[in-house]
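What follows is a single structure, written as structure tokens, with notes after it.
The values are calculated or read from the model by the stated rules, or taken from the named source; none is laboratory data. From a predicted model like this one, the values you see are computed outputs, not experimental measurements. Counting neighbours? That spans all protein chains shown, and the Cβs are built from the backbone with ideal geometry, glycine included.
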Amino acid sequence: MRDDTGSIKFRIEKEKKQFWKKFCDEKQITLTSFIIDSVENRVFDNERKEILAFMEKQDNLFIKIQTNINQVARIANGQKSISDVEMEKFTSKIIQLTTLKKEQNKIFEKIYSMLAK
């Protein structure tokens, strides 16, 4: 079996190393990961986790909104009527939600491409 890993040694001031270690501890990443991700211009592991958590939170928010829309639709169906004014408000909110969802998806696509690096 062949080992393709290697090591690189370089000199760095003690103060700088301590600063990097402290930074890594705060970010909960390894020094190796920090150096490699910095050199390769990639998103740090902790940032990747934060981004994914944010995306999940956003998705959950839209699920709640969609649930509320379904509840309004059930009420309207149960009453067999809805005023024109209420229907216009409802339609406006649906259009707004659709626009926001499209914008969110574009942002998510950009984020996914960043995370893939």
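When region 29-66 is filtered for residues that are modelled with pLDDT of 80 or more and outside any helix (DSSP H, G or I), the ones remaining, listed by number, are Ile29, Thr30. Scan region 44-71 for residues that are of a type in the set (A, V, I, L, M) and either loosely packed, with under 11 Cβ neighbours inside 10 Å or outside the structural domain of Phe108 (by TED's automatic domain parsing) (or both) and the total you get is 2. Hey, any hits in region 1-17 for a residue that's small (Gly, Ala, Ser) and outside any loop (DSSP other than H, G, I, E, B)? Scanning region 1-17, I find no residue that is small (Gly, Ala, Ser) and outside any loop (DSSP other than H, G, I, E, B), so the answer is no. Looking only at residues in region 71-107 that are part of a loop (DSSP other than H, G, I, E, B) and not hydroxyl-bearing (Ser, Thr, Tyr), which one is farthest from the chain's Cα centre (by Cα)? Step by step, filter region 71-107, then rank; the result is Lys80.
Here is a yes/no grid of residues against (1) out of contact with any helix residue (DSSP H, G or I) (no Cβ under 9 Å at 6 or more places or on another chain); (2) on the phi > 0 side of the Ramachandran plot; (3) acidic (Asp, Glu):
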position: Asp37; (1), (2), (3): no, no, yes
position: Lys49; (1), (2), (3): yes, no, no
position: Ala76; (1), (2), (3): no, no, no
position: Gln96; (1), (2), (3): yes, no, no
position: Gln104; (1), (2), (3): no, no, no
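Would you call Lys22 of a type in the set (D, E, K, R), part of a helix (DSSP H, G or I), free of Cβ contacts under 8 Å to residues at least 40 places away in the same chain and under 30 Å from Ile8 (Cα atoms)? The answer is yes for Lys22.
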